[in-house]
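Enquirer: Here it is: the structure, laid out below.
The values are calculated or read from the model by the stated rules, or taken from the named source; none is laboratory data. Every value quoted in this text rests on a predicted model; they were computed, and no experiment measured them. Cβ placement follows ideal geometry from the backbone for every residue including glycine, while neighbour counts extend to all protein chains displayed. Keep in mind that these areas ignore ligands, DNA and RNA; they rest on the heavy atoms of the full protein, side chains included. Shrake-Rupley method; radii C 1.70, N 1.55, O 1.52, S 1.80 Å.
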Amino acid sequence: MDGHPAIERHGLIGDLQTAALVADDGTIDWFCSPRFDSPSMFASLLDEERGGRFRIAPEAEGCVSRQLYLPGTAVLITRFMAPDGVGEVIDFMPVQDGPATERHLLVRIVRVVRGRMRFAVECAPAFDYGRRTHTTEVTENGVAFRGTGGALNLSIVRRPEEEPADDTRLRVDGRGGVRAVVTASAGQAGGVVLETAPDGPPARWEPEQVLEALDRTRNLWRNWIGRSSYRGRWREMVERSAMTLKLMTYAPTGALVAAPTAGLPELVGGERNWDYRFTWVRDASFSVRALLGLGFEREAEAFLKWLGERVREAGERSSPLQIMYRIDGSADLAEQELGHLAGYLGSRPVRIGNGAAAQRQLDIYGEALDAVHLADAHGLRVPHDGWTHLRRIVDWLTRHWDQRDAGLWETRGGPQDFTYGRVMSWVALDRAIRISQRRGLPADLTAWTRARDAVYEQVMSRGWSDDRAAFVQHYDGTVLDASLLYMPAVGFIPPDDPRWASTLRAMDRELVSDSLVYRYDPAASPDGLRGSEGTFSMCTFWYVNALADSGRLEEARLTFEKMLTYGNHLGLYAEEIGPTGRQLGNFPQAFSHLALITAAVDLDRRLDLEAARPA
């Protein structure tokens, strides 16, 4: 892989304000601070030479590595096995479940469990995506990295009476990084603590301190996942997905990032390399269904408050919602290219920011209102001020739903009349009407109902192709689109309707490859970008739901079980699966894990109902 570990060879750790990727060779090759969307400090995943990295690994021939999470936690263990010994690196970040802070801790415990091992420790930060220089100073307790792009302390974990042997002393290399070698025998443990935005030189950390932090972090995660109400057939995978989503949630605001990474390609060597470290109204709205399905009402409520603020801002301006925002709710996501970075396996350009933020995507109102409607049904009611602002958004939609947009997939080939966008506009209007009627809330129900019915009639007449005997991607084409798998899930069409049955059969033939599902065919429907892509993991999970809805329960279960084999060794999913089964795109991706949870919960329910039927 030319120095780049495969995308799927990573685990995720975090503290609910930022996160890091740890490869199974012991390298932290992606870490941004103080927030998910801050400039990187380690980014060798995108450029081995310029990106910066933090590696702890044995210096041993024939060493084999394995990764696992400490069960029920976000504590990651990377084990190294060699003929002369077995050692492990335990990585975690103490949780910052409070106000935003620039100070974060990343703890790396090193211990030997059998025999004797020699570990190399290499820490070479590259501030601001490698665009800034820094100074490196070795101190009594570690290393101080200081630059205009940030500051880091690397503290050594050891007892006060311990003095480092000559070969374990940290030495500065020619590029501002440090290296040391540590030899340990069975039963011995040590480690390092990385601290961002420190207020002084590296502090002395003793083993008891890091073990206490490990215990607190472990217990916090186990207590959190213990609140899950899911007791179904795929509990381990569902709980891992839930913890992954939690790791991608910015605690100070409740916002969920689409992924904690930027620039990982949908096609290796191609240009489909986007920055996903922001909050999409669509993705995060889907999270409400997944979280409520597992009993995590507090997390769903936190996001709804974040969404409520965006609705208030838009309502006060009588303007539409932006499709995505930064995790603090700000709207500036100017896109730029980092021309100095080589990109993952030469996949350029590497982009930060996201120009799609300026697109019109009408489906977001459907996802948002569906989330609000579902939360309302769970007792999370919309307050008066919130309903006032929401009404303005719905009133705006009644006047603007019949516009071309960029669609769910954020194509850059020009606006179209996307069928999915119209379907979700229908959902937005339908759910707003239901909330108003259920709660007796004031609304222009006549206008809302007239618009909802007009959307329905238009989709049925223009979104349906007699030639294809299927619903199609947009009104001016005949291309199939996997986003329409969601039509029966939102109640737009019954799953036994002949039109839907015919559409699903067409997707079976053209978009499904051994249970994996493509979004659409870019060659048949140009999206303004070069190259192809892999199958889309979220769409595969939606396909599971569609099969189950249509009574094809055994096929749904087999498809779901097969899809679970495409997760990585830790149960994590990127955005896409390539032709060889490798994962592609930003990693891990919230969409994939949200859809996994929803599919598992729905499939469990249907299988239980089937089992309860009299023979």
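Enquirer: I'd like to check one number: the per residue accessible area of the range 376-466, probe 1.4 Å, reported in Å² as a whole number.
Expert: On the way: 3990 Å² over 91 residues.
Using a 1.4 Å probe on heavy atoms only, each residue of the range 376-466 averages 44 Å².
Enquirer: Let me ask something additional. Based on the mean of other beta carbon atoms within 10 Å per residue, what is the order of 460-471, 539-550, most packed first? Intermediate values should be presented prior to the final figure.
Expert: On the way: 460-471: 15.7, 539-550: 25.1.
Result, highest mean first: 539-550, 460-471.
Enquirer: Return the ratio Rg/(2.2 N^0.38 Å) for the chain, where Rg is computed over Cα atoms only. Please report the intermediate quantities before stating the final value.
Expert: Numbers: Rg = 25.1 Å, N = 615, 2.2 N^0.38 = 25.2 Å.
Expressed relative to 2.2 N^0.38 Å, the Cα Rg reads 0.99.
Enquirer: Would you calculate the separation in nanometres between label points at residue 606 and residue 204, each defined as 7 Å from the Cα along the Cα-to-beta-carbon direction?
Expert: About 6.3 nm separates the two model spin labels.
Enquirer: Taking all protein chains together and a probe of 1.4 Å, list 10, 378, 400, 384 from the most accessible to the least accessible. Mind showing how you got there, number by number?
Expert: Numbers: 10 0, 378 80, 400 45, 384 140 Å².
Correct descending sequence by accessible area is 384, 378, 400, 10.
Enquirer: Can you compute the modelled spin-label distance between residue 508 and residue 496, with each label point 7 Å from Cα toward Cβ, in nm?
Expert: Result: 1.7 nm between the two label points.
Enquirer: Once the dipole of the chain is set up with Lys and Arg at +1 and Asp and Glu at -1 on Cβ about the Cα centre, which of 71, 219, 339 lies farthest towards its positive end?
Expert: About the Cα centre, the residue reaching furthest to the positive side is 219.
Enquirer: Turning to a different aspect of this structure: Just subtract the alpha-carbon distance of residue 330 and residue 131 from 0.36 nm times their residue separation and send over the number in nm, one decimal. Please report the intermediate quantities before stating the final value.
Expert: Values: separation 199, 0.36 × 199 = 71.64 nm, distance 2.43 nm.
Full extension from residue 330 to residue 131 adds 69.2 nm.
Enquirer: Moving to a separate point now. For residue 569 and residue 220 in one chain, what is 0.36 nm times their gap in residues minus the Cα-Cα distance, to one decimal in nm? Let's see the in-between values first.
Expert: Details: separation 349, 0.36 × 349 = 125.64 nm, distance 2.35 nm.
Separation in residues times 0.36 nm, less the Cα-Cα distance, equals 123.3 nm.
Enquirer: Please give me the summed charge of the neighbours of residue 215: other residues whose Cβ is under 12 Å from its Cβ, Lys and Arg +1, Asp and Glu -1. Please list the in-between numbers first.
Expert: On the way: positive: 216, 218, 222; negative: 208, 212.
So the environment of residue 215 carries a net charge of +1.
Enquirer: According to the Cα gyration tensor, what semi-axes, each the square root of 5 times an eigenvalue, does the equivalent ellipsoid of the range 5-63 have, listed from largest to smallest in whole Å? Please report the intermediate quantities before stating the final value.
Expert: Numbers: eigenvalues 92, 33, 18 Å².
Semi-axis lengths for the range 5-63 are 21, 13, 10 Å.
Enquirer: Checking the a/c ratio against 1.5 first, then a/b against b/c, what shape does the Cα gyration tensor give for the range 512-591? Walk me through the intermediate numbers first.
Expert: On the way: a/c = 2.18, a/b = 1.27, b/c = 1.71.
Since a/c reaches 1.5 but b/c is at least a/b, the shape of the range 512-591 is classed as oblate.
Enquirer: Further question on the same structure: Post the alpha-carbon centroid distance, the range 40-59 to the range 560-615, in whole angstrom.
Expert: The distance from the Cα centre of the range 40-59 to that of the range 560-615 comes to 31 Å.
Enquirer: Can you work out D for the range 472-615 in µm² s⁻¹ from Stokes-Einstein, where Rh is the Kirkwood radius over C-alpha pairs, the temperature is 25 °C and the viscosity is 0.890 mPa s?
Expert: Numbers: Rh = 15.8 Å.
The Stokes-Einstein estimate is 155 µm²/s.
Enquirer: Where does each of 263-272, 450-459 land if you order them by average Cβ count within 10 Å, highest first?
Expert: 263-272, 450-459
Enquirer: Net charge near residue 54: determine it from the other residues with C-beta under 9 Å of the C-beta of residue 54, scoring Lys and Arg +1 and Asp and Glu -1. Provide the component values of the computation, followed by the final result.
Expert: Numbers: positive: 53, 55, 108; negative: 29, 122.
That sum, taken over residues with Cβ under 9 Å, equals +1.
Enquirer: By its C-alpha gyration tensor, with a ≥ b ≥ c as the square roots of the eigenvalues, how is the range 100-207 shaped: rounded for a/c under 1.5, else prolate for a/b larger than b/c, else oblate?
Expert: Details: a/c = 2.00, a/b = 1.66, b/c = 1.20.
It is prolate, given that a/c is not under 1.5 and a/b is the larger ratio.
Enquirer: From the C-alpha coordinates alone, can you work out the Kirkwood hydrodynamic radius of the range 319-447, in Å?
Expert: Values: mean 1/r = 0.0605 Å⁻¹.
Value: 16.5 Å, from the Cα pair sum.
Enquirer: What number comes out for the charge environment of residue 337, summing +1 per Lys or Arg and -1 per Asp or Glu over other residues with Cβ under 9 Å away?
Expert: On the way: positive: 348, 351; negative: 335.
Summing Lys and Arg as +1 and Asp and Glu as -1 gives +1.
Enquirer: Can you give the calculated 222 nm mean residue ellipticity of the chain, where each DSSP H run of n ≥ 4 adds -39,500 (n - 2.57) and the sum is split over every residue, rounded to the nearest 500 deg cm²/dmol? Don't skip to the end; give the middle numbers.
Expert: Details: 13 runs with 203 residues, N = 615.
Calculated from helices alone, the mean residue ellipticity at 222 nm is -11000 deg cm²/dmol.
Enquirer: Sticking with this structure for a sec: For residue 235, project a label point 7 Å along Cα to C-beta. Then give me every residue of the range 549-572 with its amide nitrogen under 20 Å of that point.
Expert: Answer for the range 549-572: 561, 564, 570-572.
Enquirer: Another one. How big is the gap, in Å, between the Cα center of the range 314-388 and the Cα center of the range 88-126?
Expert: If we compute the Cα centre of each part, the gap is 32 Å.
Enquirer: Carbon and sulfur: what percent of the chain's accessible surface (1.4 Å probe)? Walk me through the intermediate numbers first.
Expert: Working: 11100 of 23210 Å².
The computed percentage sits at 48.
Enquirer: Return, ordered by residue number, the residues of the range 279-300 whose backbone nitrogen is under 18 Å from a label point located 7 Å along Cα→Cβ of residue 100.
Expert: 279-281
Enquirer: Taking only protein heavy atoms into account and a 1.4 Å probe, give the accessible area per residue of the range 231-347 in Å².
Expert: Values: 3690 Å² over 117 residues.
Dividing the accessible area of the range 231-347 by its residue count gives 32 Å².
Enquirer: Can you give me the relative contact order of the chain as a percent, contacts being Cα pairs under 8 Å and 6 or more apart?
Expert: On the way: 1358 pairs, mean separation 78.2, N = 615.
This gives 13 percent for the chain.
Enquirer: Still on this model: Starting with the highest mean, order 599-606, 342-349 by the number of other Cβ atoms within 10 Å, averaged over the residues of each peptide. Provide the component values of the computation, followed by the final result.
Expert: On the way: 599-606: 20.0, 342-349: 18.4.
Put in order of decreasing packing, that is 599-606, 342-349.
Enquirer: For the range 149-269, what does the alpha-carbon gyration tensor say about shape, rounded, prolate or oblate, given a ≥ b ≥ c as the root eigenvalues, a/c under 1.5 as rounded, and a/b over b/c as prolate?
Expert: Working: a/c = 2.12, a/b = 1.54, b/c = 1.38.
Prolate shape, in that a/c is at least 1.5 and a/b is the bigger ratio.
Enquirer: Now for a different question. If one computes the Cα centroid of the range 409-465 and of the range 488-510, what distance in Å separates the two points?
Expert: Centre-to-centre distance over Cα atoms comes out at 19 Å.
Enquirer: Turning to a different aspect of this structure: Mind putting a number on the dipole of the chain about its Cα centre? Charges go on the C-beta only, +1 for Lys and Arg and -1 for Asp and Glu, and I need it in Debye to the nearest 20.
Expert: Details: 72 positive and 85 negative charges, 178 e Å.
Computed charge dipole of the chain: roughly 860 debye.
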